[in-house]
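Worksheet: the structure to be examined is printed underneath.
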Amino acid sequence: MASQFKLAPSILSADFSDLKSALTQCESGGAHWIHIDVMDNQFVPNLTIGPPVVKSLRPKTNKFLDVHMMVINPENLVESFAKAGADMITFHIEATNDVQSVIDLIKATGTQVGLSIKPSTELSEIEPFYDQLDLILVMSVEPGFGGQGFIESSIDRVRKIKVRLKELCLQDRVLIEVDGGIKLHNAKNVIDAGADVLVAGSAVFGTDDPAQTIKDFYNL
């Protein structure tokens, strides 16, 4: 199954005093991406990482840096994260009244663009933008905190998005990422539903051997 999906360990769950070790563990385990959760204590009730951290990580890894902005007014941070070295910038459809302008802004920086959707938001909200995206991020928990339990109905949401992408002949161009409550015991079900990228935080960095846990995901 290793060739069928990408694992994106979330450094939100790593030791912030030693993020270099977290990068090394991701390298040793063979993770494809590094997921970086950006929270502003406004869109979600938590405060995390800003562009300076991404800038400091960039020279330390050649992994794909997957920046997930859980912030209001996402347009204000796009350029800073792009300059810091983000490969993908994902923002929430619920965080702006002008989705198109944020998509255009991200594209203008030369960065890949992702659009995220909360568990309670209707899938129809994101449909008008499918053909402009590189990635759709399905939140399988309420965004804002790590370590939450997986919302089972997310699997059906992933399945429906995959079907729609196939109908639009976009299934090879637009990736589906799932974030929240991903563990070794449920990862295969999420992948089978159509997910291309899995975000795992505490499931990786909460273990005694994160590098081995990453390998375990790929060996499911």
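Scanning the stretch 25-49 for residues that are touching a residue at least 40 places away in the same chain (Cβ under 8 Å) and among the β-branched types (Val, Ile, Thr), which turns out surrounded by the fewest Cβ atoms within 10 Å (Cβ to Cβ)?
If we take residues in the stretch 25-49 being touching a residue at least 40 places away in the same chain (Cβ under 8 Å) and among the β-branched types (Val, Ile, Thr), then 44 is surrounded by the fewest Cβ atoms within 10 Å (Cβ to Cβ).
List pairs: first residue in the stretch 87-113 and at pLDDT below 95, second residue in a helix (DSSP H, G or I) anywhere in the structure, Cβ distance under 7 angstrom, at least six positions apart or on different chains.
Within 7 Å, no pair qualifies.
Can you tell me how many residues within the stretch 186-217 are closer than 26 Å to residue 170 by Cβ and among the hydroxyl-bearing types (Ser, Thr, Tyr)?
0
Consider residue 177 carefully, then state whether it is in contact (Cβ under 8 Å) with a residue 60 or more places away in the chain and either out of contact with any helix residue (DSSP H, G or I) (no Cβ under 8 Å at 6 or more places or on another chain) or over 19 Å from residue 123 (Cα atoms) (or both). If you could, list the steps in order and put the result at the bottom.
On the way: in contact (Cβ under 8 Å) with a residue 60 or more places away in the chain: yes; either out of contact with any helix residue (DSSP H, G or I) (no Cβ under 8 Å at 6 or more places or on another chain) or over 19 Å from residue 123 (Cα atoms) (or both): yes.
So residue 177 fits the description; yes.
The values are calculated or read from the model by the stated rules, or taken from the named source; none is laboratory data. What you are looking at is a predicted structure, and each value in this text was computed from that prediction instead of being measured. Using ideal geometry, Cβ is built from the backbone for each residue, glycine included, and neighbour counts are taken over all protein chains shown.
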